[in-house]
């Protein structure tokens, strides 16, 4: 989406709070656009169209260019069809492809038909890529020169290119006559070079390029880890196909984080903003996971049934069940969250599992001991006031403390290793959500607690 | 950190998997650098230094520039001091400031002393800003021209600027003689303009700028929502101080997501990569939250104590306690996660709380009904085989089902509204972690369950 960003750079009508403070002369139209922006998400489709019509054309165009692809497509299709062409043609090819992808199936051919022939070919090329591949987020227009041009010629040539088409002009790519990528030169270097040297003298020839089928997450990693502004995309023969720029990557990074967070919260990724997704669609995404977790959690009822006799003999044991299983769940949730995020950032890899396991075993033992001591103290200090825990309260306290140690250690280990197991099996590690881990750990917690009770309280309470 | 990105653009020695496939001629040195990169995180400080010494200087420089600020500072300080100057001077001012900030307090003055006078002044200026303010992440070097220059003159002048200093050259800023920001022109527009027009004819004058004290999250929002490549930073008099570029924002977006995710997992934000943070530091960040949640969870033991008589009379009730409270926790975890993320992305604002509450009330009732029905079926179907639930199993199943409905509705509402309450009170909504919500909901779950049991089973089991 760079081109529209390029053509309306840090230069904009007054929008939102920030600019109100800093732009000295907000005009009346500008206020309209900013009002529309802040009201946008609460308006119905009809209201959006109506309000949008009140914004003067130039403002309306910048406003339109900044909408999400889904909103662009929605708004566009609510215009009368004779206006479609002028709006669709505002878009750079990668944006146009996104907007067309967001449109209902049967309207797509119509929208493609509104484009000029050159852009149409590019957009059709882009639509052939999966949405989350390099090819799907790249811009097929980029500044190009030949290695045997003089620097002055190259600059003049670029001036002509940028005059006729919207380009993302971070780096200049040097191609031979068959479009093979031979080198790259940054704009800074090109204009800083002596006018009469050749492009091939200032270009760098070792170019890291992304494969056109590379996943967008992999590209995001290349760009963020190298801290680049753009990366070229090539086919198997190293013919240049387009560029992916860092502003596209910001979106990818945000989207990936959102997906991970939603999965970690124990729901399927929504793929749409919370307030915009249909209530039944959201219900399905949450309900499936919730029901699956519930079915898993039923094992706790079976485990408890197994100890029904012990509970009947020593009801005092039942009092601490929620405390013990939730401590396992909480420590597991901490561990799984830290590991999933560290994996997503590339800080922890599959082969690090053994280091993580040792680290988390230590963490679990320490954290479990802390909770064990707090739990023990609580029972011992409470007892004189309440007499809730009976004559064997010291033994009960010991059972609770040791169970906490066991359950927290187990929860921590399970929570930290589950993401590795999921990734190893080809699943998304982020599915090792806090609720998922808690469910796994709850049954273990019950088993640990009642087994310890059976041993330590034998002949006393049991 | 743009400048180093600019001067070594999509042109790099072979690094990682991606490039191995795409760069046709990996040299021997390049393999060294890439080996070092992949081994980096498992090496001790001494090993890092030793391995780094084996990489030829030019490769070593690119490698160094790509390290995190903390690693840069660490490596730098392990060199003999006579080498510090040449390494520190490789850095752009905003990078140098970050590296110096990452160094131990008593080495900072020494490092600042290694800079040339001009850069030293800039770096000291940057160090005066808080790390997460606009001033803290901006680059104080940016391409600037005067409004009364001709386009040709401006281009020639920029060529001179970029030759002597490393610049992030996305947009050209037009300043008057007192450094007031008068306008901006994109590089594309400048080179596409007629050579003899004036800069003031092609510049745009309505410029959205960030205030120097603006928080980095707010800047990230400006840049991502407008899909810009850079935003200028100005002081209260609208004098230009620097630019923040989108590649800095990618880091901000990643960091913010990481912090939120860690808080949502029920731990304080680590601020360091998982494998690099000291084990005791991590333990403190996890232990404090875990202990706080544990103390809160102790209320469940008190609540259970309140119903000790009922449990003794009808042990069958105890069997479903884990199932019921965990269902409340899971549904609360889903709701809080979705809302926290939607808030972070600006999709949901404080004033939307009532819309969210209605939506989540509906969601809770539907999801609770689904789990209630599953729970009811499970007991009724299981009973003929196990006879675990006694003669009143239908009543028990009804109590369980209605409790699930109540607990899931309550969990969903609590989970969705807690982030609003926290934000309203000035706390980070991400602190409404899954474990925090689960702890809040557990007590309510016990109360709902036993109250319903007391009513429905009165005269039968109780």
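Miscellaneous remarks
- Checking residue A:346 against (1) assigned to a loop (DSSP other than H, G, I, E, B); (2) touching a residue at least 24 places away in the same chain (Cβ under 8 Å); (3) over 28 Å from residue B:37 (Cβ atoms), the condition it does not meet: (3)
- Filter result for residue A:130 (within 23 Å of the chain's Cα centre (by Cα) and surrounded by fewer than 14 Cβ atoms within 10 Å (Cβ to Cβ)): yes
- Residue in region B:138-148 that is in contact with a helix residue (DSSP H, G or I) (Cβ under 6 Å, 6 or more places away or on another chain) and part of a helix (DSSP H, G or I) present: no
- Meets criteria (modelled with pLDDT of 90 or more and either more than 7 Å from every other protein chain (Cβ to nearest Cβ) or at positive phi (or both)) for residue B:377: yes
- Strands (runs of 3 or more DSSP E) lying entirely in region A:165-250 (those with 3 or more residues that are at the interface with chain B (Cβ under 8 Å from one of its Cβ atoms)): A:181-186, A:230-234
- Condition met for residue A:315 (modelled with pLDDT of 85 or more, over 24 Å from the mean Cα position of the chain (by Cα) and either surrounded by 21 or more Cβ atoms within 10 Å (Cβ to Cβ) or facing chain B (nearest Cβ under 7 Å) (or both)): yes
- Any hit, region A:318-325, residues being assigned to a loop (DSSP other than H, G, I, E, B) and either modelled with pLDDT of 90 or more or out of contact with any helix residue (DSSP H, G or I) (no Cβ under 8 Å at 6 or more places or on another chain) (or both): yes
- Contact map, region B:35-49: first residue touching a residue at least 24 places away in the same chain (Cβ under 8 Å), second residue surrounded by fewer than 16 Cβ atoms within 10 Å (Cβ to Cβ) and assigned to a loop (DSSP other than H, G, I, E, B), Cβ cut-off under 7 Å, separation 6 or more or different chains; pairs are B:41/B:275.
- For region B:85-109, the set of residues classified as over 22 Å from residue B:133 (Cα atoms) and in contact (Cβ under 8 Å) with a residue 12 or more places away in the chain consists of B:85, B:87, B:88, B:89, B:90, B:107, listed by residue number.
To keep it simple, each residue is scored yes or no on (1) buried (at least 24 other Cβ atoms within 10 Å of the Cβ); (2) more than 9 Å from every other protein chain (Cβ to nearest Cβ); (3) assigned to a helix (DSSP H, G or I); (4) modelled with pLDDT under 90.
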| residue | (1), (2), (3), (4) |
| --- | --- |
| A:267 | yes, no, no, yes |
| A:273 | no, no, no, yes |
| A:283 | no, no, yes, yes |
| A:289 | no, no, yes, yes |
| A:297 | yes, no, yes, yes |
| A:302 | no, no, yes, yes |
| A:310 | no, yes, yes, yes |
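- Residue within region A:289-312 that is over 24 Å from residue A:448 (Cα atoms) and in contact with a helix residue (DSSP H, G or I) (Cβ under 7 Å, 6 or more places away or on another chain) present: yes
- Count of region B:49-66 residues which are in a loop (DSSP other than H, G, I, E, B) and buried (at least 18 other Cβ atoms within 10 Å of the Cβ): 2
- Total residues in region B:418-453, condition in a helix (DSSP H, G or I) and under 22 Å from the mean Cα position of the chain (by Cα): 14
- Residue count for region B:194-212, restricted to those that are surrounded by 15 or more Cβ atoms within 10 Å (Cβ to Cβ) and in contact with a helix residue (DSSP H, G or I) (Cβ under 9 Å, 6 or more places away or on another chain): 12
- With respect to the conditions (1) touching a residue at least 24 places away in the same chain (Cβ under 8 Å); (2) surrounded by fewer than 22 Cβ atoms within 10 Å (Cβ to Cβ); (3) in a helix (DSSP H, G or I), residue A:382 lacks only one, and its number is (1).
- Checked against (1) free of Cβ contacts under 8 Å to residues at least 24 places away in the same chain; (2) crowded, with 16+ Cβ neighbours inside 10 Å; (3) at the interface with another protein chain (Cβ under 10 Å from one of its Cβ atoms), residue B:339 passes all but condition (1).
The values are calculated or read from the model by the stated rules, or taken from the named source; none is laboratory data. What you are looking at is a predicted structure, and each value in this text was computed from that prediction instead of being measured. All Cβ positions, even for glycine, are placed from backbone atoms using ideal geometry, and neighbour counts span all protein chains on display.
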